[in-house]
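Bear in mind these aren't lab numbers, they're just calculated from the coordinates by the rules spelled out. Predicted model, so just to flag it, every value in this text is computed and none were measured. For neighbour counting, all protein chains shown are included, and Cβ atoms are generated from backbone atoms with ideal geometry for every residue, glycine included.
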Amino acid sequence: MNAQSLELALGLAAVLFVIGLAGMIARRSLVFMLLCAEIMLNAAGFAFIIAGARWGRPEGQAMFIFLLVTAAAEVAVGLALILRLSASLSASLSGKLKDLDADEIRSGGA
Amino acid sequence: MELIWLVPALPLAGFVLLAFGRSMRGRTAGIVGSLTVGLSAVSACIVAWLFASTGPPGTAVYATSLWPWLELGSASPAIAFSVDALSVTMILVVTIVGFLIHLFSIEHMAGEEGYHRFFAYMNLFVAFMLILVLADNFLLLYLGWEGVGLCSFLLIGFWYRDRANGDAARKAFIVTRIGDVALLLGILMLAADLGSLGIGEASRRAAAAWAPGSGMAVLAAALILGGALGKSAQLPLHTWLPDAMAGPSPVSALIHAATMVTAGVYLVARSNVFFSLAPQVMTAVAILGAATLLVAGASAIAQRDFKRILAYSTMSQIGYMFLALGVAAWTGAVFHLATHALFKSLLFLAAGAIINALGHERDVFAMGGLAKKMPLLFWTFLAGAFGLTALPPVTAGLASKDAIIARLWYVGGDARILWWAAMAGVLLTSLYTFRMLFLVFAGESRGAAENGGSVGLHAGPHGAGHDGHGGSGIGAATAIPLIVLSLLCLVGGLLDFPRFLGGSPFFGSFLGGALPRSADEGGSGLQEALLSLGPLLLTLAGIPIAWLMARRALEREAEPVGKRSSRLAAFVRGGFGFDRLYAFLFVGPILRLAGRGVDAVNLASEGLRGFAMRASRLIRSSQDGRPRRYLAVLAVGAAILLAAVFL
């Protein structure tokens, strides 16, 4: 991999990350925010892969495995939380969560 | 002499005992309180005897340092007492008069709610007063000074359930506090400029360092004078004393006649070196004394309240003492202080007994005809009144007041006007004293029923069902102090009797050890006799006028309300409108300022609070719990950081 394609690939990673970040800021739905977090994570993983390929070392791919595990765990926990919240609050918008009031959440679910 | 610490320690121990021994029943508290002051009086007498018997009378100074108090660089005041002729005189007056008043109170205050509290405060007062007069340095003196002020406040407001009494107590505290601040400033100034707080040491250094009439000397003397004016109820800080009569009569006798109010006289005499260095301030002392003498004397003539007459009389007599101080007659002032303590406390105690016997009736127009009903009180009161007006055969006032008046004559020059003021004061004294005597004791009874029938000016708690009340039921504890004080008044003046009458200036030469003797320019015996004759004749001339005044006042009293008193009389009765003036100048503006919700004093702290509130609101808005905004801020911050690093 030459220097030019490295720059292109890193640019793709940056674009992916910015898309994820912009989506996270712009979207109000918690599910989409979680999706955007995944995109950002993938952007970071992509950057690792590229760096590993450029210098011919295996650590880049090892890091990506770690990232995948982290992302899987995050999705498992995050999705569970979001589903639980949207069930009890009957809304899955992040703005509604600004007062983390246990009573409100419980009564909203009732 | 080393046992001098016992003198203030005994009343202090009595206070502690009374403050923590709440289980004492009946009159035990009174007996404990009197006993400690009595023992203190005994030890004071022993100290005085030891002092007089060692060396030439009155020249030595004994200083005992008990323990170091504060370490303030070069000036490190200790808890130290010094015994000289002046302090010996003062401790004798305070303990003996104090003991008699305590003894009187055992019966007088019996049945009052707070009997216990009364004696605790009284003992504490005596202890502080003794610390004041024995103090070796200005700081310890100031401790005693504030202590007596505190006890005065507590005892004026003794019947605190009545709001007026609490107001009177606060007024006394605040007005004297104005003077106290001046005194504290003066003491700090002395410490800063002379590097010593010791009274003797500071005096020596001042005499060496300051030129007579120099700015520092004048400032120091003026500040000390400020304190003395407040405590001694002299113009212009005198307005608290008439209201202080809200307290029980023994309090008025002890604190507001015999001891605390004369502390100002003691202070000026004690710091005589500073005053001698500031002739301008000395003139001010004399003029203020003369003004108070006349204003208070005139106010006393128009009063209706028995105790207020005596209060104005006290102010007027202290005016005499300040007059004497102002012309450097130090010993004369202290002698009048001592005799005044005798006859004025006697007057207050007798008045208190009468007021109690009439069921807390304090209006002299409601009394009358008491000479026959209460012969003991009449004769003892008469002894006090003769002392007050300086009439023979009572020697107490006669010797001391005539000495001051004669001294004023010898000063001569422009000061002759002070002599005229003093003579006018003699006439005023005679007028108000005999007006009071005629109204209270002469003629027929006018309304005030005996044995607590009527509701008096003071509707305080009555001691129900005990023998202390009632004209005929005066017990031994009431009678003995009155009789002893009367006898002391009779002979007290002999300590320093005019030479032309065969007396000897024992007291003056005794005090000469502690205070500079006033230059004895005394003329011939004949001249002195003539000078003493003047006041005597004036006093006698006042008696028939007082009789006419009393009769006219009674006639006017019989007329329908509304016609009763002229505007002038009301003005004089109100103490020449000082209260109204101060209310207009000081109290009103301050209340208005506070009432409008703009408290200038609070402005700084309010501003600080407002700033904290606004700042916290600002920061709080960033923590609103919206993850999207957090994220946006995070992204912007990261972008800025990246830009800063790479560009």
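Percent relative contact order of chain B, based on C-alpha pairs within less than 8 angstrom and at least six residues apart?
Details: 1100 pairs, mean separation 86.3, N = 647.
RCO, chain B: 13 percent.
Going toward the positive end of the dipole of the protein assembly as shown, with +1 on Lys and Arg Cβ and -1 on Asp and Glu Cβ, which of A:W55, B:G186, B:V97 do you reach last?
Of the listed residues, the answer is A:W55.
For B:R25 and B:A479 in one chain, what is 0.36 nm times their gap in residues minus the Cα-Cα distance, to one decimal in nm?
Full extension of this stretch gives 161.1 nm more.
Got a sec? How would B:Y62, B:Y142 order by Cβ neighbour count within 10 Å, fewest to most?
B:Y62, B:Y142
Which translational diffusion coefficient, to the nearest whole µm²/s, is obtained for the protein assembly as shown from the Stokes-Einstein equation, given a Kirkwood hydrodynamic radius over C-alpha pairs, 20 °C and 1.002 mPa s?
Translational D for this selection: 69 µm²/s.
Whole-Å semi-axes of chain B's equivalent ellipsoid, largest first, each the root of 5 times a Cα gyration tensor eigenvalue? Write down the numbers at each step before the final one.
Values: eigenvalues 455, 216, 139 Å².
Equivalent ellipsoid semi-axes, largest first: 48, 33, 26 Å.
Only Lys, Arg, Asp and Glu count, each charged at its Cβ (+1, +1, -1, -1), so figure out the dipole size of chain B about its Cα centre, rounded to 20 debye. Intermediate results must be reported in sequence, preceding the final value.
Numbers: 44 positive and 33 negative charges, 422 e Å.
I would put it at about 2020 debye.
Could you calculate the FRET efficiency of B:D414 with B:L35 from 1/(1 + (r/R0)^6), where r is the beta carbon distance between them and R0 is 51 Å, rounded to 0.05?
0.45
Pairs of alpha-carbon atoms within less than 8 angstrom and 6+ residues apart define the contacts here; what relative contact order does the range B:150-291 have, in percent? Let's see the in-between values first.
Numbers: 195 pairs, mean separation 43.5, N = 142.
Relative contact order here is 31 percent.
Among B:A638, B:A615, B:V601, whose Cα sits farthest toward the positive end of the charge dipole of the range B:599-646 (+1 at Cβ of Lys/Arg, -1 at Cβ of Asp/Glu, about the Cα centre)?
Projecting each Cα onto the dipole axis, the largest value belongs to B:A638.
Looking at the square roots a ≥ b ≥ c of the eigenvalues of the Cα gyration tensor of the range B:599-646, which shape do they give, rounded for a/c under 1.5, prolate if a/b is larger than b/c, or oblate?
Oblate is the answer for the range B:599-646, as a/c is 1.5 or above yet b/c matches or exceeds a/b.
Quote the relative contact order of the range B:219-294 in percent (integer), defining contacts as alpha-carbon pairs under 8 Å separated by 6+ residues.
40
For chain B, what does -39500 (n - 2.57) per DSSP helix run (n ≥ 4), summed and divided by total residues, give at 222 nm, in deg cm²/dmol to the nearest 500?
Taken over chain B, the calculation gives -22500 deg cm²/dmol.
Sorting B:F646, B:F158, B:F322 on the 10 Å Cβ count, fewest up front, what's the list?
Going from least to most buried by this count: B:F646, B:F158, B:F322.
So between B:R580 and B:R551, what do we pick up on full extension, going 0.36 nm a residue minus the alpha carbon distance?
7.4 nm
Of B:G492, B:F507, B:F81, whose Cα points farthest to the positive end of the dipole of chain B (charges on the beta-carbon: +1 Lys, Arg; -1 Asp, Glu; origin at the Cα centre)?
The listed residue farthest towards the positive side: B:F81.
Using modelled backbone amide H atoms (1.01 Å from N, in-plane), which distant-in-sequence or interchain residues come within less than 5 Å of B:A80's amide H?
The list, which skips near neighbours in sequence, is B:L66, B:D136, B:N137.
Under 1.5 on a/c is rounded, so check that first for the range B:138-210, then, if it is not, pick prolate when a/b is larger than b/c and oblate when it is not; a ≥ b ≥ c are the square roots of the alpha carbon gyration tensor eigenvalues.
Prolate.
Within the set B:K307/B:K401; B:K171/B:K372; B:K231/B:K372, which residue pairs have Cα atoms separated by over 31 Å?
As for pairs spanning more than 31 Å Cα to Cα, those are B:K171/B:K372; B:K231/B:K372.
Does the range B:1-139 come out rounded, prolate or oblate, given a ≥ b ≥ c as the square roots of the eigenvalues of its C-alpha gyration tensor, rounded meaning a/c under 1.5 and, failing that, prolate meaning a/b above b/c?
Numbers: a/c = 2.89, a/b = 1.63, b/c = 1.78.
Cα axes put the range B:1-139 in the oblate bin.
What ranking of B:W210, B:W145, A:W55, B:W5 emerges when the number of other C-beta atoms within 10 Å of each C-beta is taken as an exposure proxy, fewest first?
Arranged by neighbour count, lowest to highest, B:W210, B:W145, A:W55, B:W5 become A:W55, B:W5, B:W210, B:W145.
Where the only charges are on Cβ atoms (+1 Lys, Arg; -1 Asp, Glu), what is the dipole of the range B:152-268 about its Cα centre, to the nearest 20 debye?
100
For the protein assembly as shown, what is the charge dipole size about the Cα centre, in debye to the nearest 20, if Lys and Arg each add +1 at the Cβ and Asp and Glu each add -1 at the Cβ?
1760
Hey, with R₀ at 22 Å, roughly what FRET efficiency would A:N2 and B:V645 work out to, going by the Cβ-Cβ distance, to 0.05?
The value I calculate is 0.30.
Roughly how far apart, in whole Å, are the Cα centres of the range B:386-408 and the range B:605-646?
Centre-to-centre distance over Cα atoms comes out at 84 Å.
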